[in-house]
Amino acid sequence: MRLIGLPFLALAVASCAPTVAQQNEPLPSLHQRLMTLDTHLDTPVWFSNPHWKFGDRHDWHTDLAQVDLGRMETGALDGGMFVIYTRQGPLTPQGFADAKAFAFKRLDEIHRTMAAYPSRIELVATADQAVRADKAGLRFAFISIENSYPLGEDLSLLQKFYDGGVRMAGPVHSKDNQFADSATGSNTWKGLSPLGRKWVAEMNRLGMVIDGSHSSDAAFDQLLELSKAPIILSHSGPKAMWDHNRNIDDDRIRRLAAKGGAVCMNSVFLTKMVYTDERNRLSDMADNIASLSAAEQAKLTADIRKLDATAPVQDTDFENFMRNLLYLLKVAGPDHVCIGADWDGGGGVRGFEDITALPKVTERLLAAGYSEADIAKIWSGNVLRILRAADAAKGG
Ligand SMILES: [Zn+2]
């Protein structure tokens, strides 16, 4: 639902005959009517940038962000999981302390940003709250954690993040940490560490959804085996389509589905990732973009977009994204697929540059023969079911 202002409009015209303009107004498309969500929005990386406003509508050509409220409206993206991402640092008391301070600051920034737009978006913590917000014509924001590194060795911090509204978390990011091996790590623990096993129990006790994206295959297997609630892969893809450690093989997709979980289709790791020296130089600058002046940010953006045209990180397109999504749907079935394209975290390919392209996904799913009910599950129903299942299993 994104028909903001419609109740008022309906009241205003209730007693009048429709005008020609109203008669000619196109009916909302299926995509506009559906409740849509993306399970991995890295957009909070922008929230501390003084030259960037979440409430504005930016353009991909002149801005590096891929999600904002304006484009959520255009692309009819109703909500999603806004991520507290913490870069992996040293597994030392100081490393843990720095990461903890960073993650709580990011949590606070998410709260402040959402609170600045009370008539447009609402922070939510349950499936029911998200549905209510959607029905009221508001967008909705869940909060999730990518990389549990900021917890250090203190699992009681999970409760603090839960109290701050966080409802989904993954144990690890791109390097092994105190909880688990990373899909791109060095197999330190052969899966989960002893503390990682306790992390699973605490996640279940609180009713938080476990996110296995970025976990190694062995860690994924152990998450799946130990968790009392279905788990999610918030931004992953099928390994059979592109053989990368961040993607997941068919057997694991089927086992995840058999336990009620879902894989949310990523738009990263669809093909070879090419990082030229120039790309690395500009990416390092982009990591600290908030410290640059407005003019410097505009210059950096122009340089990156120029490079995107000549040497994209992924030389592929929306057609390939759809092939991967349709393959995933064949293996997992429509009850176990969702969408998590890693916007603002490296996602996006030609023809699928930002969230304004999302209606195309719905059109293509319809064209591929999926029913409206299936597409509704893919866009939000499956994730809401998993949130409810995690909540129902809590307390044990
Ligand atoms: Zn990620």
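The values are calculated or read from the model by the stated rules, or taken from the named source; none is laboratory data. Please read all numbers here as calculations on a predicted model, not as lab measurements. Positions of Cβ are backbone-derived with ideal geometry, glycine not excepted, and every protein chain shown enters the neighbour counts.
Among the residues in the range 332-347, are any closer than 30 Å to Trp379 by Cα, touching a Gly at 6+ places or on another chain (Cβ under 7 Å) and surrounded by 23 or more Cβ atoms within 10 Å (Cβ to Cβ)?
yes
Would you kindly identify the helices (runs of 4 or more DSSP H) lying entirely within the range 20-86 that contain at least 1 residues that are surrounded by fewer than 21 Cβ atoms within 10 Å (Cβ to Cβ), in contact (Cβ under 8 Å) with a residue 60 or more places away in the chain and not small (Gly, Ala, Ser)?
Working: elements: 20-24, 30-33, 69-74.
In the range 20-86, 30-33, 69-74 are the helices (runs of 4 or more DSSP H) which contain 1 or more residues that are surrounded by fewer than 21 Cβ atoms within 10 Å (Cβ to Cβ), in contact (Cβ under 8 Å) with a residue 60 or more places away in the chain and not small (Gly, Ala, Ser).
In the list Ile339, Ile355, which residue meets the criterion of being aliphatic (A, V, I, L, M) and within 16 Å of the ligand (Cβ to nearest atom)?
Among Ile339, Ile355, only Ile339 is aliphatic (A, V, I, L, M) and within 16 Å of the ligand (Cβ to nearest atom).
Report, by residue number, each residue of the range 366-387 that is within 29 Å of Val45 (Cβ to Cβ) and in contact with a helix residue (DSSP H, G or I) (Cβ under 7 Å, 6 or more places away or on another chain).
Ile378, Asn382, Leu384, Leu387, listed by residue number.
Quick check: is even one residue across the range 277-292 within 16 Å of the ligand (Cβ to nearest atom), at pLDDT 95 or above and more than 14 Å from Leu64 (Cβ to Cβ)?
no
Specify the residue that is nearest to Tyr85 (Cα to Cα); the eligible residues are those in the range 240-260 that are touching a strand residue (DSSP E or B) at 6+ places or on another chain (Cβ under 9 Å) and within 16 Å of the ligand (Cβ to nearest atom).
Arg246
Is it the case that Ile110 is in contact with a Pro (Cβ under 7 Å, 6 or more places away or on another chain) and buried (at least 19 other Cβ atoms within 10 Å of the Cβ)?
Taking the combined requirement at face value, the residue satisfies it.
Restricting to the range 287-301, name every residue that is part of a helix (DSSP H, G or I) and buried (at least 16 other Cβ atoms within 10 Å of the Cβ).
Within the range 287-301, Ile289, Gln297, Leu300, Thr301 qualify.
List the residue pairs whose Cβ atoms are under 6 Å apart, where the first residue sits in the range 257-285 and is assigned to a loop (DSSP other than H, G, I, E, B), the second is loosely packed, with under 14 Cβ neighbours inside 10 Å, and the two are 6 or more positions apart or on different chains.
Pairs found: Thr276/Ala311.
Which numbered condition in (1) assigned to a helix (DSSP H, G or I); (2) away from the ligand (no atom under 16 Å from the Cβ) is the only one that Ser119 fails?
Checking Ser119 against (1) assigned to a helix (DSSP H, G or I); (2) away from the ligand (no atom under 16 Å from the Cβ), the one that fails is (1).
How about the range 142-176: which of its residues are within 15 Å of the ligand (Cβ to nearest atom) and under 13 Å from the mean Cα position of the chain (by Cα)?
Of everything in the range 142-176, those that are within 15 Å of the ligand (Cβ to nearest atom) and under 13 Å from the mean Cα position of the chain (by Cα) turn out to be Ser144, Ile145, Glu146, Met168, Ala169, Gly170.
Could you tell me whether Leu325 is of a type in the set (A, V, I, L, M) and in contact with a strand residue (DSSP E or B) (Cβ under 9 Å, 6 or more places away or on another chain)?
Taking the combined requirement at face value, the residue satisfies it.
If you take the residues of the range 193-239 that are without any contact (Cβ under 8 Å) to a residue 12 or more places away in the chain and part of a helix (DSSP H, G or I), which of them is nearest to the ligand (Cβ to nearest atom)? Let's see the steps before the verdict.
Initially, the range 193-239 is screened for residues without any contact (Cβ under 8 Å) to a residue 12 or more places away in the chain, giving 194, 225, 239.
Right, trim to part of a helix (DSSP H, G or I) and you get 194, 225.
On the way: Pro194: 25, Glu225: 23 Å.
Result: Glu225.
For (1) of a type in the set (D, E, K, R); (2) free of Cβ contacts under 8 Å to residues at least 40 places away in the same chain, each residue gets a yes or a no:
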| position | (1), (2) |
| --- | --- |
| Leu107 | no, no |
| Ala115 | no, yes |
| Ser119 | no, yes |
| Asp134 | yes, no |
| Arg139 | yes, no |
| Leu151 | no, no |
| Leu155 | no, no |
| Gln159 | no, no |
| His173 | no, no |
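Looking at the range 319-331, can you tell me whether even one residue there is among the β-branched types (Val, Ile, Thr), in a helix (DSSP H, G or I) and either in contact with an Asp or Glu (Cβ under 9 Å, 6 or more places away or on another chain) or closer than 28 Å to Tyr275 by Cβ (or both)?
yes
For the range 158-171, does any single residue satisfy the condition of being more than 28 Å from Met322 (Cβ to Cβ), aliphatic (A, V, I, L, M), surrounded by fewer than 23 Cβ atoms within 10 Å (Cβ to Cβ) and touching a Lys or Arg at 6+ places or on another chain (Cβ under 7 Å)?
No, the conditions are met nowhere in the range 158-171.
Does Ser182 meet the test of being among the hydroxyl-bearing types (Ser, Thr, Tyr) and over 20 Å from Ala99 (Cβ atoms)? If you could, list the steps in order and put the result at the bottom.
Numbers: among the hydroxyl-bearing types (Ser, Thr, Tyr): yes; over 20 Å from Ala99 (Cβ atoms): no.
Taking the combined requirement at face value, the residue does not satisfy it.
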